[in-house]
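One structure below.
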Amino acid sequence: MESTAVKTSVAPIFNLLKLTFTIVPIVAGLDKFLNILCDWTQYINPTLLDMLPFSGATFMMIVGVIETAAGILVFLMPKIGGLVVSAWLMLIALSLLIGWNYADVAVRDLVMAVSAFSMARLALIFDNKTVE
């Protein structure tokens, strides 16, 4: 059993991580359709791009739908959503590392994956509720 003091001290951390992993995937996902932040197709591993039966832009729109759904899932069910976002970020990082493209972005995504996993673990304490 977690003490009330532990819950109180950890609650702001959980809430910040939950907010972050709700907003960031939704914004990034929606931007896959708008390309305001960047040209997302540049991050596709060239080997993967060659295997796709459609354009890189279409692939990124599919990615955008998945990312947006993952952000919503974090908001509604952070225990599960955090694991989904963590796994998703690890896959992105691995695809970048395999082609040794954007290694800096891959490292950042690995750190975010650890953070999303940590948020999912913290969600076990709070039972899917944003706490005060």
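The values are calculated or read from the model by the stated rules, or taken from the named source; none is laboratory data. Everything numeric here is computed off the predicted structure, so don't read it as measured data. For neighbour counting, all protein chains shown are included, and Cβ atoms are generated from backbone atoms with ideal geometry for every residue, glycine included.
The rows are residues; the columns are (1) touching a residue at least 40 places away in the same chain (Cβ under 8 Å); (2) exposed (fewer than 15 other Cβ atoms within 10 Å of the Cβ); (3) within 21 Å of residue 118 (Cα to Cα).
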site	(1), (2), (3)
7	yes, yes, yes
19	no, yes, yes
31	no, no, no
50	no, yes, no
100	no, yes, no
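Conditions (1) in contact with a Ser or Thr (Cβ under 7 Å, 6 or more places away or on another chain); (2) of a type in the set (Lys, Arg); (3) over 24 Å from residue 14 (Cα atoms), marked per residue:
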{"residue": "70", "(1), (2), (3)": "no, no, no"}
{"residue": "74", "(1), (2), (3)": "yes, no, no"}
{"residue": "88", "(1), (2), (3)": "no, no, no"}
{"residue": "96", "(1), (2), (3)": "no, no, yes"}
{"residue": "124", "(1), (2), (3)": "no, no, no"}
Open item on the list: From the list 96, 110, 124, 73, exactly one residue is under 14 Å from residue 21 (Cβ atoms), out of contact with any Pro (no Cβ under 7 Å at 6 or more places or on another chain) and in a helix (DSSP H, G or I). Which is it?
Closed with: 73
Task: Residue count, segment 1-56 (criterion: within 22 Å of the chain's Cα centre (by Cα), closer than 23 Å to residue 75 by Cβ and not in a helix (DSSP H, G or I)) - done: 2
Open item on the list: Return the residues of segment 80-94 that are surrounded by fewer than 17 Cβ atoms within 10 Å (Cβ to Cβ) and farther than 25 Å from residue 48 by Cβ; say none if nothing qualifies.
Closed with: 80
Open item on the list: Given (1) within 25 Å of residue 13 (Cα to Cα); (2) buried (at least 17 other Cβ atoms within 10 Å of the Cβ); (3) at pLDDT 95 or above, identify the lone condition not met by residue 114.
Closed with: (2)
Open item on the list: Kindly evaluate residue 13 against the criterion of being surrounded by fewer than 16 Cβ atoms within 10 Å (Cβ to Cβ), among the hydrophobic types (A, V, I, L, M, F, W, C) and under 20 Å from residue 121 (Cβ atoms).
Closed with: yes
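Please verify whether residue 92 is modelled with pLDDT of 95 or more and under 17 Å from the mean Cα position of the chain (by Cα), treating the condition exactly as stated.
On the way: modelled with pLDDT of 95 or more: no; under 17 Å from the mean Cα position of the chain (by Cα): yes.
No: the conditions fail for residue 92.
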